[in-house]
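Right, one structure below, let's go through it.
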Amino acid sequence: MKFNKIKELEAFVEKIDEYLQDSANHRDVAYPLDCVFPWVFEDLLEKNDTLLSNVAQKANVYGIFVAEKDSTEYILKYIGKTTKGLARERLKNHLIKKQNKTGAKLSKVIDHVQGGGKIKIAWVALEPESLRNYVEEELIKKNNGANWNRENK
């Protein structure tokens, strides 16, 4: 069966991409040096509690942006999806402390931050929530520079 409103979906994905890419929607992830060498996840959780609380029950699709040491230019490296109910935990897994079973990007985040880089995130809530699967897939295809996504390696 053919879906006849693909142009509307493509426009919707474009609008989400523009929102995520807009630096006004990026939020800093705090990585104080005394928490990074060594990686003290308990302190990092505390420093980022407000950010994680803001994500909770709100994020369906999110982007992780990185800037190199001494740079102010942030580049999209990863696009992910989650249910609103799991958003806080999913982003915590990527940014601070991951569970062994997840495919989180924590090792890439740690390497980047310990190398002097900075991280920001952006997110959007979708209605209906099930659109997150389609939107994530299309955003990954559209943003082939997001090379922390396995599809873009």
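In the structure shown, the pairs 5/81; 92/142; 7/69; 118/153 are assessed against 31 Å; a Cα-Cα span above that value is assigned to 7/69. For region 103-124, the residues whose amide N sits under 17 Å from a probe point set 7 Å from the Cα of residue 28 along the beta carbon direction are 113-114, 116-122. Taking region 66-96 and a reference point 7 angstrom along Cα→Cβ of residue 47, the backbone N atoms nearer than 14 Å belong to 95-96.
When 6, 75, 140, 96 are ordered from fewest to most other Cβ atoms inside 10 Å of their Cβ, what list results? Walk me through the intermediate numbers first.
Working: 6 9, 75 14, 140 18, 96 25.
Least crowded to most crowded, the residues run 6, 75, 140, 96.
According to the Kirkwood relation over distinct C-alpha pairs, the hydrodynamic radius of the chain is 15.9 Å. Extension gain, residue 83 to residue 67, is 3.1 nm, computed as 0.36 nm per intervening residue step minus the present C-alpha separation.
Shown in residue order for region 75-88 are the 3J(HN,Hα) couplings computed by the Karplus curve 6.51 cos²θ - 1.76 cosθ + 1.60 at θ = phi - 60°: 10, 5, 10, 8, 10, x, 9, 6, 7, 4, x, 10, 4, 4 Hz (x for Gly and Pro).
Could you tally the net charge around residue 52, taking each other residue with its Cβ under 15 Å from the Cβ of residue 52, Lys/Arg +1 and Asp/Glu -1? Computed value for this residue: +4. Among the GluC sites (Glu not before Pro) within region 1-90, which fall in a DSSP loop and have no more than 10 other Cβ atoms within 10 Å of their own Cβ? Those that pass, being in a loop and sparsely packed, are 73.
Sort 150, 132, 27 so that the residue with the fewest other Cβ atoms within 10 Å of its own Cβ comes first and the one with the most comes last.
Final ranking by Cβ density, sparse to dense: 150, 27, 132.
Any read-out appearing in this document is the output of simple, stated calculations on the displayed coordinates, not a laboratory observation. Remember, predicted model here, so these are calculated numbers, not experimental data. Note that each Cβ is placed from the backbone with ideal geometry, even for glycine, and that neighbours are counted across all protein chains shown.
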